[in-house]
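The values are calculated or read from the model by the stated rules, or taken from the named source; none is laboratory data. Predicted, not measured: the structure shown is a model, and the values here were computed from it. Here the Cβ positions follow ideal geometry from the backbone for every residue, glycine too, while neighbour counts run over all protein chains shown.
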Amino acid sequence: MTKVVFRSPSRYIQGAGVMQDLAKEVEALGQKPLLIADDVVWEITQEALKSSFDQSETDFYFEAFNGEASTKEINRLTNVGKEQSADYVIGVGGGKTLDTAKAVSDQLAVPVVIVPTTASTDAPTSALSVIYSEDGVFEGYKFYDKNPELVLVDTQVVVNAPIRLFASGICDAMATLVEVNATLKRNGNAMAGGKPTFAARAIAEMAENVLFEYGLAAYKAANEGLVTPQVEAIVEANTLLSGLGFENGGLAGAHAIHNGFTALHGDIHNLTHGEKVAYGTLVQLVLERKTEAEIMKYIEFYQAIDMPTTLKDLHLENASLEDLKEVGKLATAEGETMENLDPEITAEQVAQAILAVDTLSKS
């Protein structure tokens with residue numbers, strides 16, 4: 001039986017200063033939240049978080065996230081949650097912290113609240129996590145029965161984060177329509193567990209329209225720490241529109257190639273998720289036989305916001321063809337989302353497309 005599925009968080013709240021409202025917004029969920037953040041994020045947000053909860057009857061327990069969304073870290077934090085009798089989980093920070101919070105809440109069988117401190121990925125709204133090894137190698141996706149109870153995005157916090165993260169989120173979101181269109185064309189499966197919905201396609205299209213229309217102005221404003229209407233538009237596109245679009249519409253080549261890059265060693269691991277997805281999107285466009293003019297539209301946009309479009313940008317200028325074939329092998333592994341683009345694509349074709357993007361970008 002063919003089925004379509006549409007999923008979303010129960011609530012989404014966005015605006016400058018809304019972190020102060022967190023305790024009020026979650027008071028109905030319980031009294032003993034486990035709050036997870038890495039040390040850097042905690043240093044930035046603890047004053048606002050403590051101030052928010054000081055005005056409520058809820059007392060959270062803070063535990064530092066160690067940096068990798070791995071099974072070992074998820075199990076460690078789950079044990080902390082059990083020891084503290086946590087009745088819900090709050091994840092504060094970037095993509096790996098938020099994915100870990102979702103996994104911990106699932107193992108504890110309690111709700112999760114997501115508080116992104118950057119607009120760097122579209123992970124916050126989804127009912128899934130990307131799981132990595134202790135060494136940062138992609139292992140797979142973990143799916144959950146329910147999306148977050150609340151996603152709360154303080155745009156003032158977002159613009160105070162490094163501008164590279166803001167641009168990375170734009171790149172992650174820019175992959176959404178490209179991958180949803182591919183999934184629809186192949187009648188592939190969405191991450192939500194069914195076929196893509198027309199609603200997801202419409203949301204993904206709106207995300208791309210917003211990104212191209214407001215992206216550069218928002219990038220310039222955020223670089224100055226300003227919260228403008230353009231910044232608010234891009235944060236929504238990066239987080240809500242892209243999140244609903246990819247989960248209900250599907251991933252394809254761009255994210256498969258991102259995952260493939262984890263097979264390599266070296267400085268590429270210092271790049272963000274969105275930076276690798278940006279290059280993966282360009283590779284997918286090559287594999288789809290898009291025209292040079294179509295591909296250059298994306299290349300020029302990425303270059304305008306200082307995102308990678310060449311192998312040198314990825315720290316792979318010295319990578320051999322065999323290295324790039326290893327990327328291709330992981331990107332085309334059984335069960336990877338490359339199947340939503342074309343299950344017959346080979347590792348060799350991926351490697352050649354990676355080289356083709358480099359050539360186009362340098363031209």
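Miscellaneous remarks
- Screening the stretch 74-98 for residues that are in contact with a Gly (Cβ under 8 Å, 6 or more places away or on another chain) and assigned to a helix (DSSP H, G or I) and picking the one that is surrounded by the most Cβ atoms within 10 Å (Cβ to Cβ) gives Leu98.
- The set of residues in the stretch 260-284 that are touching a residue at least 24 places away in the same chain (Cβ under 8 Å) and surrounded by fewer than 23 Cβ atoms within 10 Å (Cβ to Cβ) comprises Thr262, Ala263, Leu264, Gly266, Asp267, Ile268, His269, Asn270, Leu271, His273.
- Complete set of residues in the stretch 135-192 that are assigned to a loop (DSSP other than H, G, I, E, B) and over 30 Å from Ala23 (Cα atoms): Asp135, Gly136, Val137, Asn187, Gly188, Asn189, Ala190, Met191
- When we screen Leu282, Leu330 for residues that are assigned to a helix (DSSP H, G or I) and under 18 Å from the mean Cα position of the chain (by Cα), the only hit is Leu282.
- Test: residue in the stretch 167-181 that is under 27 Å from Tyr88 (Cβ atoms), surrounded by 23 or more Cβ atoms within 10 Å (Cβ to Cβ) and at pLDDT 95 or above: yes
For (1) among the hydroxyl-bearing types (Ser, Thr, Tyr); (2) at pLDDT 95 or above, each residue gets a yes or a no:
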site	(1), (2)
Lys3	no, no
Tyr12	yes, yes
Leu22	no, yes
Ala37	no, yes
Gln55	no, no
Asp59	no, no
Gly67	no, no
Ser70	yes, yes
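- Scanning the stretch 245-277 for residues that are farther than 17 Å from Tyr132 by Cβ, assigned to a helix (DSSP H, G or I) and in contact with a Pro (Cβ under 6 Å, 6 or more places away or on another chain) gives a single hit, Gly249.
- Put simply, of Ser105, Ser129 the only residue that is of a type in the set (S, T, N, Q) and assigned to a strand (DSSP E or B) is Ser129.
- Among (1) assigned to a helix (DSSP H, G or I); (2) farther than 18 Å from Gly274 by Cβ; (3) touching a residue at least 40 places away in the same chain (Cβ under 8 Å), the one test that Ala351 misses: (3)
- Only listed residue being surrounded by fewer than 24 Cβ atoms within 10 Å (Cβ to Cβ), farther than 23 Å from Pro196 by Cβ and without any contact (Cβ under 8 Å) to a residue 12 or more places away in the chain, chosen from Ala221, Ala293, Ala233, Ala217: Ala293
- Any hit, the stretch 307-314, residues being closer than 21 Å to Ser168 by Cα and part of a helix (DSSP H, G or I): no
- Unique match (being crowded, with 16+ Cβ neighbours inside 10 Å, under 22 Å from Gly243 (Cβ atoms) and within 19 Å of the chain's Cα centre (by Cα)) among Val5, Val18, Val41: Val41
- Residue list for the stretch 42-72, filter: more than 15 Å from Val113 (Cβ to Cβ), in a helix (DSSP H, G or I) and not small (Gly, Ala, Ser): Trp42, Glu43, Ile44, Gln46, Glu47, Lys50, Asp54, Thr71, Lys72
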